[in-house]
Amino acid sequence: MGEFPQFVRLPLARWVDQGVEWLTREYGPLFDWMGQVLLVPLVQLERLLLWLPWWAVILAVALVAWKVSGWKLAAGTAAGLIFIGTLGLWEHAMKTLTLVIAGTALAVVVAIPTGIAMARSDLLERVIRPVLDLMQTMPSFVYLVPAAMLFPLGKVPAVMATFIYAVPPAIRLTNLGIRQVPADVVEAARAFGSTPGQLLVKVQLPLALPTIMAGINQTVMMALAMVVVASMIGAGGLGTEVLNGIARLEAGRGFVGGLSIVILAIIIDRISQGLIRAHPR
């Protein structure tokens, strides 16, 4: 009696399955090629981070932290990375950092041009905004299914799923930052004969930079939040430790993996916040 009528049910799940199957069948070679193109820099970056001495990585990150925010952050950064090493998770941390860097870089490359286009077109903003709402509210596990079907299991689908999950904040805040540039400043630049390209590069982007950096900061945090989920399709890294801890009921293993992710998140967040403060409006 309480069941919903069968004749008004929407077979959306079947339509999505058919769409993904069609993409796999018709454009499989294209996705294989894209996977190979993405895999090469991923592997090279991971090899570089694992090849570098641990002390060189810690020193480089600490120097960046000192440059953007002072010696206290540099000392805390070094202590946090050393602590991860003492837990025996240095290699996993570098693999996680590879995924975060790759996912964030891909998100920034797509987000900034998209945000600029949205800022210049109200119609485009109205079209893209619901898509961004859907991307941000969709459970992160959902992104693993099409990514794993279109690409071979491993790092590439993990990066693609991370990219889709993490890109909306950067797009939104790029659009917002450019729209918040004072109109009188824009008019003054136009009055002095600035071309649209000069107006964007020399006026709007510099003034919007703090907002754009805040969006990139959120994107990095969302990328880190995705690493545990991405480990389910063979991404590796610290997420694998958390997943194995859950699967084998090893609370300590899951705890230290999660704690290492938190430490990485704090370090990256503080450094990116320091970069925002270093470029005041």
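The values are calculated or read from the model by the stated rules, or taken from the named source; none is laboratory data. Please read all numbers here as calculations on a predicted model, not as lab measurements. Note that we place each Cβ from the backbone using ideal geometry, even for glycine, and neighbour counts take in every protein chain shown.
Selection of first residues in the stretch 192-209 that are more than 14 Å from Ala117 (Cα to Cα) and touching a residue at least 40 places away in the same chain (Cβ under 8 Å) and of second residues that are of a type outside the set (D, E, K, R) and in a helix (DSSP H, G or I), restricted to Cβ pairs under 9 Å at least 6 apart or on distinct chains, gives the following pairs, ordered by first then second residue: Leu207/Gly177; Leu207/Ile178; Leu207/Val185; Leu209/Gly177; Leu209/Ile276.
Is it the case, given these coordinates, that Val201 is within 29 Å of Asp133 (Cβ to Cβ) and of a type outside the set (D, E, K, R)? Explain how you work it out, then say what you get.
Working: within 29 Å of Asp133 (Cβ to Cβ): no; of a type outside the set (D, E, K, R): yes.
It is false that Val201 is within 29 Å of Asp133 (Cβ to Cβ) and of a type outside the set (D, E, K, R).
When Gln204, Gln218, Gln198 are checked against the criterion of being surrounded by 22 or more Cβ atoms within 10 Å (Cβ to Cβ), modelled with pLDDT of 80 or more and not in a loop (DSSP other than H, G, I, E, B), a single residue qualifies: Gln204. Checking Ala102, Ala75, Ala93 one by one, the residue that is under 22 Å from Ser272 (Cβ atoms), surrounded by 12 or more Cβ atoms within 10 Å (Cβ to Cβ) and more than 23 Å from the chain's Cα centre (by Cα) is Ala75 and no other. Has the stretch 166-174 got any residue that is of a type in the set (A, V, I, L, M), surrounded by fewer than 21 Cβ atoms within 10 Å (Cβ to Cβ) and either in a helix (DSSP H, G or I) or modelled with pLDDT under 80 (or both)? No: the stretch 166-174 contains no residue that is of a type in the set (A, V, I, L, M), surrounded by fewer than 21 Cβ atoms within 10 Å (Cβ to Cβ) and either in a helix (DSSP H, G or I) or modelled with pLDDT under 80 (or both). The number of residues in the stretch 94-119 being in contact (Cβ under 8 Å) with a residue 40 or more places away in the chain and farther than 30 Å from Gly236 by Cβ comes to 4.
Can you tell which of Met149, Met118 is assigned to a helix (DSSP H, G or I), among the hydrophobic types (A, V, I, L, M, F, W, C) and surrounded by 19 or more Cβ atoms within 10 Å (Cβ to Cβ)?
Met118
Taken over the stretch 226-242, the criterion of being assigned to a helix (DSSP H, G or I) and either surrounded by 18 or more Cβ atoms within 10 Å (Cβ to Cβ) or modelled with pLDDT of 85 or more (or both) is satisfied by Met226, Val227, Val228, Val229, Ala230, Ser231, Ile233, Leu238, Gly239, Thr240, Glu241, Val242.
In the stretch 75-120, how many residues are polar (S, T, N, Q) and out of contact with any helix residue (DSSP H, G or I) (no Cβ under 9 Å at 6 or more places or on another chain)?
1
Restricting the stretch 4-53 to residues that are closer than 21 Å to Val142 by Cβ and assigned to a loop (DSSP other than H, G, I, E, B) leaves a set whose member that is farthest from the chain's Cα centre (by Cα) is Arg9. Contact map, the stretch 234-262: first residue at negative phi and of a type in the set (S, T, N, Q), second residue assigned to a helix (DSSP H, G or I) and surrounded by 20 or more Cβ atoms within 10 Å (Cβ to Cβ), Cβ cut-off under 7 Å, separation 6 or more or different chains; pairs are Thr240/His92; Thr240/Ser231; Ser260/Ile84; Ser260/Ala93; Ser260/Leu238.
Is it true that Phe83 is surrounded by 16 or more Cβ atoms within 10 Å (Cβ to Cβ), touching a residue at least 40 places away in the same chain (Cβ under 8 Å), among the aromatic types (Phe, Trp, Tyr) and assigned to a helix (DSSP H, G or I)? Full working, then the answer.
Details: surrounded by 16 or more Cβ atoms within 10 Å (Cβ to Cβ): no; touching a residue at least 40 places away in the same chain (Cβ under 8 Å): yes; among the aromatic types (Phe, Trp, Tyr): yes; assigned to a helix (DSSP H, G or I): yes.
Taking the combined requirement at face value, the residue does not satisfy it.
Please find, within the stretch 2-59, the residue that is modelled with the highest pLDDT out of those that are surrounded by 10 or more Cβ atoms within 10 Å (Cβ to Cβ) and small (Gly, Ala, Ser). Per the criteria, the residue is Ala56.
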